[in-house]
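The values are calculated or read from the model by the stated rules, or taken from the named source; none is laboratory data. Since the structure is predicted, the reported quantities are computational estimates derived from the model, not experimental observations. FYI the Cβ positions are ideal-geometry reconstructions off the backbone, even for glycines, and counts take in every protein chain you see.
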């Protein structure tokens, strides 16, 4: 391999880090401008470095431009009406090309390498302090492996040497770098660190949200599974740096699938304080945040801007704010109702509010029609569509200062506060919807059905400008009177952004079983998937109806599961469980199903009143299975244009 000269991005300690000053049950943070090399040789420095690792998650998760790279261009998501080039190019549908400049996977590159170096500093120096428990060092090992795992999935092989040697703490900006191969990254960095983390991490978290044996097992199982797919390479997807699809340790893909299955089932059987919550609604409802299903998250709070990492009154549109939820929120504030039956004095009847069903609209990303009609085809038994989307927009005009007991809506019928103003129907109605030719009375092109006071849109009528919102990522604030106030809807969400859930252990084990792992009694692929499907059949609340709904459809859900589970079914179930949470691109890339499942999609156009779906074709090339090395990194390299080309992933070279 050639050795290249490289500047600061991958060779310096984490800037603006936060440090832990006590071992209580919360992370107490304090800004620092930079870590000095000797800082990690103190107890305070080790704790500070550890806390910075949790803080660095905010610069990746909830960061909307990185979030976009994980969803836009998949079968789940396309660009919406107000998308800029950050979103358009990711769709691969003729709106621009993914390049080293336009790819926003640079967010991951920029945040991960400084954190990796911080982790290496802790691992090297903690033992010398003499008072640091092994479990704390294991946290650093987990995060170093976590970052390398995300990087290798995204970019292919990446550097293990940040300037001082492979997996060594680098104390000076350096200008040399080597991209290691994919097998080297897994076998030298990811697997050893995660195995040690599983061994040394506690069963119960050191602090609220702290990493544990269970989350380390999940990532070890995911890494084994992903590497097994890489070795198998069913569709001959190229890798870079070029390397044979052989394992340095002499194992084949089947061995890794078996390891993934065994580790995941072990975690299910030994959950510690974690487990599945009773209903899918309770997984994502904001009043149940940080529940026992959540293994890892980028945390936020509404009690303090200092601890939140961002303003509590306005959103910056940048990290460390949690603003990913804005992206799939359409501009529902354009909906109009009238103060009089003759439709004089139209008003905004659904105002921007800091509540989970609403939030701040940016209109950058939209679900495809296939998500509504195919992925979530069963909206009766399966609670996950209702627990994923906002499909009913209810009047809240009094909170915005509009003094009216009722407003007049579809068919000039009166509507009270809290009642539906606009509904995305679950199914195509038997009676044809009367749609306007443009924006119409609703001002957003929604239609009318006889006798209904709410405007309506049918499932195949969603467009790039009007579509169901993403309820599960919606904001939640308790620092205002929710009965009379709209709260702070322009701030970034103060909810945690979830990264890893206990439920994924079932999917990892099931996928490994489908790929040939020998299963234990009671834990074959269908049985594992049915644990999740049975839970999805249990309702306790109906978001659509805004009412309690205690129904158990688990038997029907289990009965509908195919006798034989294949990879496409696993992927469909993962989409139902994790829609819009940032999993999808990685799922399609791991299984090499991206082109098969996402090469075409349907959606209506950009204008109000357009409810005619069109089929859009994407051009997904094999080289797209890796993101480009960021241009900012290439610009920092002191080498010839030809050498930079060799550093860049093929397909993205000048």
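Suppose we filter 338, 377, 324 for residues that are surrounded by fewer than 23 Cβ atoms within 10 Å (Cβ to Cβ) and either in contact (Cβ under 8 Å) with a residue 60 or more places away in the chain or in contact with a helix residue (DSSP H, G or I) (Cβ under 7 Å, 6 or more places away or on another chain) (or both); which single one remains?
Going through 338, 377, 324 in turn, the sole match is 338.
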message: I'm checking my understanding of the structure. Among residues of the range 178-223 that are surrounded by fewer than 23 Cβ atoms within 10 Å (Cβ to Cβ) and touching a strand residue (DSSP E or B) at 6+ places or on another chain (Cβ under 7 Å), which one is modelled with the lowest pLDDT?
response: 178
- request: Could you tell me whether the range 550-559 includes any residue that is surrounded by fewer than 15 Cβ atoms within 10 Å (Cβ to Cβ), in contact with a strand residue (DSSP E or B) (Cβ under 8 Å, 6 or more places away or on another chain), farther than 12 Å from residue 381 by Cβ and free of Cβ contacts under 8 Å to residues at least 12 places away in the same chain?
  value: yes
query: Given (1) surrounded by fewer than 22 Cβ atoms within 10 Å (Cβ to Cβ); (2) farther than 28 Å from residue 182 by Cβ; (3) in contact with a helix residue (DSSP H, G or I) (Cβ under 9 Å, 6 or more places away or on another chain), where does residue 606 come up short, assuming only one miss?
result: (3)
- prompt: Which ones in the range 611-638 are surrounded by fewer than 16 Cβ atoms within 10 Å (Cβ to Cβ) and modelled with pLDDT under 95?
  reply: 632, 635, 638
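Only one residue in 322, 374 is within 18 Å of residue 577 (Cβ to Cβ) and at pLDDT 95 or above. Which one?
None of the others qualify; the one that does is 374.
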- prompt: Name the residues in the range 114-136 that are touching a helix residue (DSSP H, G or I) at 6+ places or on another chain (Cβ under 6 Å) and outside any helix (DSSP H, G or I), would you?
  reply: 131, 132
query: surrounded by fewer than 22 Cβ atoms within 10 Å (Cβ to Cβ) and either within 30 Å of residue 524 (Cα to Cα) or more than 25 Å from the chain's Cα centre (by Cα) (or both) - does that describe any residue in the range 461-472?
result: no
Selection within the range 391-407 - part of a strand (DSSP E or B) and either buried (at least 24 other Cβ atoms within 10 Å of the Cβ) or not assigned by TED's automatic domain parsing to the domain that holds residue 342 (or both): 393, 407
task: Residue by residue through the range 70-91, note down the ones that are touching a helix residue (DSSP H, G or I) at 6+ places or on another chain (Cβ under 7 Å) and surrounded by fewer than 23 Cβ atoms within 10 Å (Cβ to Cβ).
output: 86
